[in-house]
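The values are calculated or read from the model by the stated rules, or taken from the named source; none is laboratory data. Note that the structure is a prediction, hence the values are computed from the model and not measured. Note that each Cβ is placed from the backbone with ideal geometry, even for glycine, and that neighbours are counted across all protein chains shown. Quick note on the areas: whole protein, heavy atoms, side chains included, nothing else; ligands and nucleic acids left out. Shrake-Rupley method; radii C 1.70, N 1.55, O 1.52, S 1.80 Å.
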Amino acid sequence: MLLAQLPAAVEHTAISVTQGDLFEHILNEPVIGTSIYVNIAVAGLTLLLFAFLARNVSDPRSQLVIVSAMTVSAVSIVSYSGLASGLTISIIELPDGHALDTATTTLEHSGATVDGTISLWGRYLTWAFSTPFILLSLGLLAGSNLTKIFTAIVFDVGIMITGLAAALTTSSYLFRWFWYAISCSFLLVVFYILLVEWPEDAKTANTSEIFNLLRNLTVVLWIGYTVWWAVGNEGLGIISDVGITSWGYSAFDLVAKYLFSFLVINYTVKNVDIISGGESYGATGDAVPADD
Ligand code: RET
């Protein structure tokens with residue numbers, strides 16, 4: 001019995017998965033594949049659309065809000081390209097106690113089966129670069145000060161990096177959830193700023209209506225990401241399929257990134273007078289650029 005199992009075990013561990021294998025796997029696995037490729041396309045198209053919508057805006061503060069929102073799409077292309085190329089994907093063996101600790105992965109293109117499960121960890125890494133721009137545009141729309149914007153962004157980066165740590169920790173099941181708990185506590189700081197501090201600032205800035213809409217969208221979706229991680233293949237494994245877990249994030253992304261940015265940019269283009277900080281906003285000297 002034991003002997004009969006041996007060759008299979010040897011076979012699994014003997015195969016090392018290369019970046020090329022992961023690239024091919026994503027290419028040939030329709031559920032994971034589409035969850036990635038669709039987002040590259042949408043991010044690219046939205047970037048073109050946003051540039052077009054904002055083509056006549058010349059006010060520097062309004063441009064800052066717009067560039068910040070556009071950066072979310074730009075980072076997204078990078079993020080999903082990292083995943084599509086196999087660069088930011090790994091096969092990880094989840095620790096004992098995890099629902100998927102004995103999971104194996106069969107590579108679509110070669111049919112080879114390896115121990116472990118696919119982690120699309122590049123998502124968490126690149127969220128550390130995209131989500132700050134969501135918060136920057138929200139903070140600017142609310143007319144908030146540098147201290148609050150800085151605090152929100154620092155804790156936001158903390159959420160994503162500790163989320164990355166949660167996803168990649170293979171030494172201990174409990175430690176994965178410890179990282180998750182730290183990440184959630186950082187999320188509470190961001191929520192405090194979104195729900196308590198910035199609404200007050202937005203009242204003064206006369207942007208309450210758009211701010212509250214975007215804030216609600218953000219809070220609901222960010223709770224969605226958090227819960228999705230907990231139930232997905234890297235958390236409790238209630239949703240054990242990598243492709244479905246990945247599509248969940250991709251679907252959230254469609255709203256949290258592109259719809260969000262569209263609403264920010266559409267509002268800004270139409271309300272430059274409210275967003276404007278004057279011609280010399282952000283200038284490093286006293287000189288005001290001449291009109292041309
Ligand atoms: C993780 C897991 C650890 C606990 C928490 C998380 C929250 C993630 C959030 C992600 C938002 C992503 C967005 C991406 C758009 O570019 C990392 C899932 C709290 C809030 C908006």
What is the Å³ per residue value for the convex hull set by the Cα atoms of segment 18-275?
104
Can you give the angle from 0 to 90° between the axis of helix 173-192 and the longest principal axis of the chain, with both taken from C-alpha atoms, to the nearest 10?
10
Can you tell me the dipole magnitude for segment 19-154 around its Cα centre, using point charges on the Cβ only (Lys, Arg +1; Asp, Glu -1), in Debye to the nearest 20?
980
Residues of segment 206-243 with the amide nitrogen closer than 17 Å to a label point 7 Å from the Cα of L188, along Cα-to-Cβ, please.
223, 226-227
From the Cα gyration tensor of segment 173-214, with a ≥ b ≥ c the square roots of its eigenvalues, which class applies: rounded if a/c is under 1.5, or else prolate if a/b is larger than b/c, or else oblate?
prolate
Given a 1.4 Å probe, how much area per residue of the chain is accessible, in Å²?
47
Could you give the length gained by full extension between I239 and L27, i.e. 0.36 nm per residue of separation minus their alpha carbon distance, to one decimal place?
74.1 nm
Work out how much length F178 to I274 would gain on full extension: take 0.36 nm times their residue separation and subtract the Cα-Cα distance, in nm to one decimal.
30.2 nm
Give me the distance in nm between label points sitting 7 Å out from Cα along the Cα-to-Cβ direction at N266 and A112, one decimal.
4.8
Using the Cα centre of the chain as the reference point, and only Cβ charges (+1 on K/R, -1 on D/E), how large is the resulting charge dipole? Debye, rounded to the nearest 20.
460
The chain, relative contact order [Cα under 8 Å, separation at least 6], %
24
What whole-number distance in Å separates the alpha-carbon centres of segment 110-141 and segment 218-292?
14
So, with a 1.4 angstrom probe, what is the percent of accessible area on the chain that is carbon and sulfur?
67
On a full-extension model of 0.36 nm per residue, what is the gain between T104 and Y281, subtracting their alpha-carbon distance, rounded to one decimal in nm?
58.1 nm
Beta carbons within 10 angstrom, averaged per residue: use that to sort the peptides 38-44, 252-258, 55-61, highest first.
252-258, 38-44, 55-61
